[in-house]
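Peer 1: Starting off with a structure, shown below.
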Amino acid sequence: MNGVHDLGGMHGLGPIQEENNEPVFHAKWEERAFGITRAMGTWQLWNLDASRFQRELIAPVDYLRWSYYERWIRALEELMLKTHLVSRAELDTGRPDAGSTIHAPKLTAENVSVLASKGSPAKRDVPVTASFGVGQSVRARNINPVGHTRLPRYVRGKVGTIDRDHGVFVFPDTNALFLGEKPQHVYSVRFAARELWGAAASPHDSVYVDLWDDYLEPV
Amino acid sequence: MNHTHEKDHDHDHDHTVVPSDPALRVKALESLLVAKGLVDRAAVDALVDTYQHKIGPRNGARVVARAWSDPAYKQRLLSDPDAAIAELGYGGLQGEHMVVVENTPTIHNLVVCTLCSCYPWPVLGLPPVWYKSAPYRSRAVIDPRGILREFGLELEETIELRVWDSTAELRYLVLPERPAGTDGWQEAQLAECVTRDAMIGVARIAPIQHGAPA
């Protein structure tokens, strides 16, 4: 979707605010928001792409004014409502509905180190033909999907070169909507800064963007 | 909409009694999820402890120091980063598929995620707020030299600047140049001078002026 999350190339959002000796979390609630969100992911009722899409659906004005973990927690609430893990009444009262199912937690403290060290790879070991080869010129398609996509607006319609083939990965556009993994090649595509931003950009600069096969067309 | 009506609704347009203060909201949510058996408090504690104390940029610093000390390791790190990073015991969540990009006297690399906050957790930990912020995500691709200037790095005009936008599940680590003044240093000493910002690419590692640390 052409949402406010797709920030690449925007102006006017202010200076970088660096913080010396920044803590990992800035408040206790951020710690809990992080931990709860990761723990709930282990129920596997949604996936990483669906989580990202849910955060993209936050209204633009809220997306920009809410802090990072506030966006996480709001999106988590929506995902839990959609998958019927919680009801609106439960979120309102903070208490389980009468007669609601009491589960056994999926993630225990003992499993946390395994979760962190194993991760959840998005690469798929399946034979899929690559449509493009290293060194080939490609154009990022000018498409405007209303669902989730990882094709940023600033490269659409622009011409780049395949720099490397990363192999076969889950396709976020379908995976976010639970329409299947549609595994396909992901390439690092090099775009000259002048192709993206015009003659004022430095001739020495380029942006490398990781793009799926379906996002590209031959030139 | 008249003023009184607007005031009645305050900020909360979803017509619920859920508190808008995130601290209260998260506290209520955790209580609910624990009561429903969906979340184990001890697991949340362990997750927080892992990313607060166990996984952070010191991991990446050890990877970089090893690459500076051992040319064969550096080659493995560049050609098969997942395996090379695993040699030091790191890897996993949000670093399943790593790419290492090397700074040289003629090439500088900078990492961003314009669409969200992708960052190589196993080697750098959780990202700093500025990395996840709109100012960085918006300008790193259109004005990377301006961004570097804000971090105090004036990049020479002739240096090739490569910006890596982490739009897929590849996670990027910058291998900074080894600073001058570190000849003969042991790996552990070298790791001490590697900064998080240098491994993102918003900084260089300054030359060492006073010889090896005690």
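Coordinate-derived values only; no laboratory data. Bear in mind that the values here come from a model prediction, so they are computed numbers and not experimental data. Counting neighbours? That spans all protein chains shown, and the Cβs are built from the backbone with ideal geometry, glycine included.
Peer 1: How large is log10 I(q)/I(0) at q = 0.10 Å⁻¹ when the Debye formula is applied to the Cα atoms of the range B:56-200, each weighted equally and without solvent?
Peer 2: -0.32
Peer 1: Which distance in Å, rounded to a whole number, links the C-alpha centroids of the range A:1-55 and the range A:80-107?
Peer 2: Here the two parts' Cα centres lie 23 Å apart.
Peer 1: Over chain B, what is the mean sequence separation of C-alpha contacts under 8 Å (at least six apart), divided by residue count, expressed as relative contact order in percent?
Peer 2: Relative CO of chain B lands at 22 percent.
Peer 1: Applying the Karplus parametrisation 6.51 cos²θ - 1.76 cosθ + 1.60 with θ = phi - 60° to the phi angles of the range B:19-31, what ³J(HN,Hα) value in whole Hz is obtained for each residue in order, glycine and proline being reported as x?
Peer 2: x, 7, 5, x, 4, 5, 4, 5, 4, 5, 5, 4, 4
Peer 1: If the convex hull of the alpha-carbon atoms of the range A:28-118 is projected onto planes in all directions, what is the mean projected area in square nanometres?
Peer 2: Here the figure is 7.0 nm², rounded to one decimal.
Peer 1: Quick one: A:Tyr215, B:Tyr51, fewest Cβ neighbours within 10 Å first, how do they rank?
Peer 2: In order of increasing Cβ crowding within 10 Å: B:Tyr51, A:Tyr215.
Peer 1: Considering the dipole of the protein assembly as shown built from charges on the beta carbon (Lys and Arg +1, Asp and Glu -1) around the Cα centre, which of A:Gly12, A:Gln136, A:Ser188 is farthest to its positive end?
Peer 2: So the residue we want is A:Gln136.
Peer 1: Taking amide H atoms as placed 1.01 Å from N in the peptide plane, list the residues 5 or more away in sequence, or in a different chain, whose amide H sits under 5 Å from that of A:Lys158.
Peer 2: Amide H neighbours of A:Lys158, under 5 Å, 5+ apart: A:Ala140.
Peer 1: Quick one: order A:Asp214, B:Asp197 by neighbouring beta-carbon count within 10 Å, fewest to most.
Peer 2: So the ranking, lowest neighbour count to highest, is A:Asp214, B:Asp197.
Peer 1: Would you mind ranking B:Ser31, B:Ser166 by Cβ crowding within 10 Å, fewest neighbours first?
Peer 2: Ranked by crowding around the Cβ, least crowded first: B:Ser31, B:Ser166.
Peer 1: Give the separation of the Cα centroids, the range B:165-209 to the range B:19-90, in Å.
Peer 2: The range B:165-209 and the range B:19-90 have Cα centres separated by 19 Å.
Peer 1: Same structure, new question: Quickly estimate the mean residue ellipticity at 222 nm for chain B, helices only: each DSSP H run with n ≥ 4 gives -39500 (n - 2.57), and the total goes over all residues, rounded to 500.
Peer 2: -11000 deg cm²/dmol
Peer 1: Here's another thing I want to ask about it. Using a 4.7 Å cut-off between beta carbons, which cysteines in chain B end up with no partner cysteine at all?
Peer 2: B:Cys116, B:Cys193
Peer 1: While we're looking at this one, here's another question. Need one number: % antiparallel among DSSP beta bridges in the range B:56-200, to the nearest 5.
Peer 2: The antiparallel proportion sits near 0 percent.
Peer 1: Using a Cα-Cα cut-off of under 15 Å, which aspartates and glutamates could be cross-linked to A:Lys28, ignoring same-chain neighbours fewer than 8 residues away?
Peer 2: Candidates past the 8-residue exclusion: A:Glu70, B:Asp21, B:Glu30, B:Asp45, B:Asp49.
Peer 1: Under the rule a/c < 1.5 gives rounded, and otherwise a/b versus b/c splits prolate from oblate, where does the protein assembly as shown land using the Cα gyration tensor?
Peer 2: Here the protein assembly as shown falls in the prolate category.
Peer 1: Ok, one more. Restricting things to alpha carbons, find the Rg to Rh ratio for chain A using the Kirkwood radius for Rh.
Peer 2: Using Cα coordinates only, the ratio equals 1.01.
Peer 1: Could you run the Karplus curve 6.51 cos²θ - 1.76 cosθ + 1.60 with θ = phi - 60° over the range B:117-124 and give me ³J(HN,Hα) per residue in whole Hz, x for Gly and Pro?
Peer 2: 8, 4, 6, x, 4, x, 9, 10
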